[in-house]
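> Here it is, the structure, as structure tokens.
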Amino acid sequence: MVTVLFFVLIGSGLWIGSTCSLSIGPVDFSCPLGAAQVMAAAGVFIPALAAGSLLTLLLIVFFGRAFCSWVCPGRWVFNRGTRPGRGSGKYRAWIQRGLLGGVVGAAWLCHSPVFCVICPVGAFCRGAILAGNGGSFLPMIAWIGVLLGAEWASGLSWCRDLCPLGALFTRLSRFNPFLKVKKNPEICKPCNVCEKSCPEGLNLAKDADFSACTKCYACLEACPRGAIEIKGYDGKLPERIKERDASR
Amino acid sequence: MAVEQPGSLSRRDFLRVVGGVTGASLLYLLLRPDKREFGSVRPPGALPGAGFEAQCIRCGKCLIACDQNAITLNLEGLPQINGLSGWCNFSLECIAACPSGALQPIDPKTTVEIGIAVIDENRCIAWNWPGCRLCYEKCLGIQKAVWLDEEYRPHVDESLCTGCAACVFVCPQSAAAGQSKKYGKAVSLKAT
């Protein structure tokens, strides 16, 4: 619903642009990955894009990966063949850093923002804009179909393992203290239902790092015991408590 | 359960290979270079050469900003003007909308040139039969770059033409029939 609202606001002209670069009144947001690619490709510093990316990065720190499950149209398409647990190994952080470096490096090498051209979110927005102006939506559908096929054939999940945007948001979400899911340890019995319901394959009973959480709150509905709650503000509380307990 | 023979394909792997090949061929069919690819130019203020491809963030804001509907996006997501959907009146709204500086500000008082119109004499109605002068009449109100010779055949004055694509837009030949030699838009744009 929020995705639909987002695109209705863009379509009605109240918000101008796409997910790549969005103007809400006088405020410009821009995709941080797109901005990094464009600056690497062109070899110039673009102040407007840098400022827009900073605003977006602030939003990510405030809301974590909420973009992925509330705004991004990709969640309608991708994550169909996800196998829980796969891809969440201990090298995941380095895979994500490698993805980000690879995307920006490819843009620098090719002198063109390569990932922007194939980015499914950008392709969706461009297809929607084209369709709204008398063009064709068809190449966009074909391209997203190809990505879906690649996702299915590899057995990976696009949003969790492959999307460079998701990787960037996950890396940044470590600093996000707001609206986090938390288990209530008194009620929780590790039944792993949350892991099966989670598009990212997170397990609230076992995992410690929830930076990949997209705040879709599927676990909240799935938990049979109601042991999951949303913490409005949670600035790494568990570690502090651990330290305090250790010092006693 | 069938016992897996060494060196034999499992059903799942076979389906994956078939799926991959089908996907790749679909991709090729849909994204191969279009034979009907129409002459197009970059929007006003575009950076020259490869700098435009490098600096464009592919957000489509220029397309939204253009109230003439002149700009379309190619498969790479780059904006272009080909005159099939509209023509450029040099309001320069796209430059104001561009967030990345791929479209650089230009002085609106100067005459902006984004390309040049080329008439295909094989397709042009007026060159083959008497009658049509729509591009001439359209250009009379804009640049007067199209002139008619004594047989009422249109020519483009290259010193006056700005590549605004109005003549392409009004050309009554069909854009969809562009593949044939005889039919299809008789005017197209060429980058200068």
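> Report yes if some residue within the stretch A:16-24 is part of a helix (DSSP H, G or I) and over 18 Å from A:C116 (Cα atoms); otherwise report no. So that I can check it myself, show each step before the final result.
From the stretch A:16-24, those part of a helix (DSSP H, G or I) are none; that's our starting set.
No, every residue in the stretch A:16-24 fails to be part of a helix (DSSP H, G or I) and over 18 Å from A:C116 (Cα atoms).
> While we're here: Which members of the stretch B:40-60 meet the condition of being of a type outside the set (D, E, K, R) and more than 7 Å from every other protein chain (Cβ to nearest Cβ)? First the steps, then the outcome.
Restricting attention to the stretch B:40-60, the residues satisfying the condition of being of a type outside the set (D, E, K, R) are B:40-41, B:43-52, B:54-57, B:59-60.
Passing the criteria: B:S40, B:V41, B:P43, B:P44, B:G45, B:A46, B:L47, B:P48, B:G49, B:F52, B:C56.
> Restricting to the stretch A:53-81, count the residues that are in contact with a helix residue (DSSP H, G or I) (Cβ under 7 Å, 6 or more places away or on another chain) and not in a loop (DSSP other than H, G, I, E, B).
Matching residues across the stretch A:53-81 total 12.
> Can you name every one of the helices (runs of 4 or more DSSP H) wholly within the stretch B:125-192 that holds 1 or more residues which are surrounded by 20 or more Cβ atoms within 10 Å (Cβ to Cβ), in contact with a helix residue (DSSP H, G or I) (Cβ under 7 Å, 6 or more places away or on another chain) and modelled with pLDDT of 90 or more? Walk me through it before giving the result.
Numbers: elements: B:125-128, B:134-140, B:166-170.
The qualifying helices (runs of 4 or more DSSP H) are B:134-140, B:166-170.
> Of (1) under 26 Å from A:K180 (Cα atoms); (2) at pLDDT 90 or above, A:P73 satisfies all except one. Which?
Result: A:P73 fails condition (2) only.
> Go through B:G101, B:G60, B:G141 for me and flag whichever is within 29 Å of A:A142 (Cα to Cα) and without any contact (Cβ under 8 Å) to a residue 60 or more places away in the chain.
On the way: B:G101 fails: within 29 Å of A:A142 (Cα to Cα); B:G141 fails: within 29 Å of A:A142 (Cα to Cα).
The conditions single out B:G60.
> So A:A142 clears everything in (1) away from chain B (no Cβ under 14 Å); (2) surrounded by fewer than 21 Cβ atoms within 10 Å (Cβ to Cβ) except one condition, right? Which one?
Here A:A142 clears every test but (1).
> If you scan the stretch A:103-120, which residues turn out to be more than 11 Å from chain B (Cβ to nearest Cβ) and in contact with a helix residue (DSSP H, G or I) (Cβ under 8 Å, 6 or more places away or on another chain)? Explain how you work it out, then say what you get.
Of the residues in the stretch A:103-120, the ones more than 11 Å from chain B (Cβ to nearest Cβ) are A:103-106, A:109, A:120.
The answer is A:V103, A:V104, A:G105, A:A106, A:P120.
> Against the conditions (1) part of a helix (DSSP H, G or I); (2) over 23 Å from B:G101 (Cβ atoms); (3) without any contact (Cβ under 8 Å) to a residue 12 or more places away in the chain, where does A:I95 fall short? Just the number, please.
A:I95 satisfies all of (1) part of a helix (DSSP H, G or I); (2) over 23 Å from B:G101 (Cβ atoms); (3) without any contact (Cβ under 8 Å) to a residue 12 or more places away in the chain except (3).
> Based on this model, can you work out whether A:W152 counts as farther than 21 Å from A:S53 by Cα and assigned by TED's automatic domain parsing to the domain that holds A:L57?
Working: farther than 21 Å from A:S53 by Cα: yes; assigned by TED's automatic domain parsing to the domain that holds A:L57: yes.
Yes; evaluated as a whole, the condition is true for this residue.
> Would you mind stating whether A:A107 is of a type in the set (A, V, I, L, M, F, W, C), in contact (Cβ under 8 Å) with a residue 40 or more places away in the chain and over 24 Å from A:L130 (Cβ atoms)?
Numbers: of a type in the set (A, V, I, L, M, F, W, C): yes; in contact (Cβ under 8 Å) with a residue 40 or more places away in the chain: yes; over 24 Å from A:L130 (Cβ atoms): no.
When the stated conditions are applied, A:A107 does not pass them.
> Sticking with this structure for a sec: Does A:R126 count as in a helix (DSSP H, G or I), of a type in the set (D, E, K, R) and crowded, with 16+ Cβ neighbours inside 10 Å?
So A:R126 passes the test.
> Here are the criteria: (1) in contact with an Asp or Glu (Cβ under 8 Å, 6 or more places away or on another chain); (2) under 22 Å from A:V104 (Cβ atoms). Tell me which single one A:F67 does not satisfy.
A:F67 satisfies every listed condition except (1).
> So which of B:I125, B:I116, B:I81 is among the β-branched types (V, I, T) and touching an Asp or Glu at 6+ places or on another chain (Cβ under 7 Å)? Let's see the steps before the verdict.
Values: B:I125 fails: touching an Asp or Glu at 6+ places or on another chain (Cβ under 7 Å); B:I81 fails: touching an Asp or Glu at 6+ places or on another chain (Cβ under 7 Å).
Within the list B:I125, B:I116, B:I81, the selection yields B:I116.
> Looking at (1) closer than 22 Å to A:I129 by Cα; (2) at pLDDT 85 or above; (3) outside any strand (DSSP E or B), which is the one condition that is false for A:F7?
Every condition holds for A:F7 apart from (2).
> Inside the stretch A:89-116, can you point out the residues that are β-branched (V, I, T) and at pLDDT 90 or above?
Start the filter on the stretch A:89-116 by keeping residues that are β-branched (V, I, T), which leaves A:95, A:103-104, A:114.
Of everything in the stretch A:89-116, those that are β-branched (V, I, T) and at pLDDT 90 or above turn out to be A:V103, A:V104, A:V114.
Residues checked against (1) among the polar types (S, T, N, Q); (2) in contact with an Asp or Glu (Cβ under 8 Å, 6 or more places away or on another chain); (3) at pLDDT below 90:
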| site | (1), (2), (3) |
| --- | --- |
| B:E37 | no, no, yes |
| B:A65 | no, yes, no |
| B:A70 | no, no, no |
| B:S85 | yes, no, yes |
| B:C94 | no, no, no |
| B:Q104 | yes, no, no |
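> Taking the stretch A:121-139 only, how many residues are in contact (Cβ under 8 Å) with a residue 40 or more places away in the chain and facing chain B (nearest Cβ under 9 Å)? Break it down stepwise before answering.
Kept after step one, since they are in contact (Cβ under 8 Å) with a residue 40 or more places away in the chain, are these residues of the stretch A:121-139: A:121-122, A:124-126, A:128-129, A:132.
Imposing the further condition that a residue be facing chain B (nearest Cβ under 9 Å) reduces the set to A:122, A:125-126, A:128-129, A:132.
Of the residues in that region, 6 qualify.
The values are calculated or read from the model by the stated rules, or taken from the named source; none is laboratory data. Worth saying up front: this structure is predicted, and the values here are computed from it rather than measured. Glycine also receives a Cβ, built like all others from the backbone with ideal geometry; neighbour counts cover every protein chain displayed.
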